[in-house]
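Q: Structure provided below as C-alpha cells; questions to follow.
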Amino acid sequence: MTERGITCIGCPMGCRLRVTLNGGEVAAVDGATCNRGAVYARQECICPTRMVTSLVRVRGRRAPLSVKTAAPIPKEKMLVCVEEIHRACVEPPVRIGDVVIRNVCGTGVDVVATMDVVTGQDC
C-alpha cells in the first residue's frame, strides 16, 4: 500500500487529504470534512480530469474568442487539447455555448464559446 497527500478543491475548505492506494485502487481517504472530499480524492488519484479554458482565433478580428471544454477531460490530454484549440480559427458570428470544436482530441467532449462574437470587425 502507498499513501498520497492531496489538497481537496471540492469546496472552499481546502482539506488536506491522505489517500491510501492499494494496487492502483483507492482503499481509504482520510481528512475530508465533507463528502465531496472523498469523491474528489478518488477521482484525482484514479483518473484525474480538468476543465480547459483557452482562446481561439477569429477570422477578421485581432481579438480572440474565449472558449472552454464543455466538461472535464483527462488530465493527460490537456496539452494536446490546447494545441488543437490553438490551431482552430472560427468564422463569426459565434454565440455563447456554440460548439467550436467537436470531440476535442477524441475525448467525447466539445469545446464551446464563452462569449459572443457578432462580426469579424474589431470594435
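The values are calculated or read from the model by the stated rules, or taken from the named source; none is laboratory data. Computed from a prediction, not measured in an experiment: that's the story for all the values here. Cβ sites come from the backbone with ideal geometry, for glycine too, and all protein chains shown count toward neighbours.
Q: Within region 74-84, is there a residue that is over 30 Å from THR7 (Cβ atoms) and touching a residue at least 24 places away in the same chain (Cβ under 8 Å)?
A: Within region 74-84, none of the residues are over 30 Å from THR7 (Cβ atoms) and touching a residue at least 24 places away in the same chain (Cβ under 8 Å).
Q: Mind checking which residues of region 93-122 are assigned to a loop (DSSP other than H, G, I, E, B) and either modelled with pLDDT under 95 or at positive phi (or both)?
A: GLY97, ASN103, GLY108, VAL118, THR119, GLY120, GLN121, ASP122
Q: Going by what's in this entry, would ALA88 be described as surrounded by 15 or more Cβ atoms within 10 Å (Cβ to Cβ) and at negative phi?
A: Answer is yes for this residue.
Q: Out of the residues in region 1-18 that are assigned to a strand (DSSP E or B) and without any contact (Cβ under 8 Å) to a residue 40 or more places away in the chain, which is farthest from the chain's Cα centre (by Cα)?
A: Taking the candidates together, the pick is THR2.
Q: Something else: Could you check, for region 101-117, whether at least one of its residues is under 21 Å from the mean Cα position of the chain (by Cα), acidic (Asp, Glu), within 26 Å of GLY10 (Cβ to Cβ) and surrounded by 14 or more Cβ atoms within 10 Å (Cβ to Cβ)?
A: yes
Q: Let me ask you something else. Please go through region 27-83 and give me each residue that is more than 17 Å from the chain's Cα centre (by Cα), surrounded by fewer than 14 Cβ atoms within 10 Å (Cβ to Cβ) and part of a loop (DSSP other than H, G, I, E, B), ordered by number.
A: Once the filter is applied, which keeps residues that are more than 17 Å from the chain's Cα centre (by Cα), surrounded by fewer than 14 Cβ atoms within 10 Å (Cβ to Cβ) and part of a loop (DSSP other than H, G, I, E, B), region 27-83 yields THR33, CYS34, ARG59, GLY60, ARG62, ALA63.
Q: Still on this structure, I have one more. In region 56-74, which residues are under 16 Å from VAL99 (Cβ atoms) and not basic (Lys, Arg)?
A: VAL56, VAL58, LEU65, SER66, VAL67, THR69, ALA70, ALA71, ILE73
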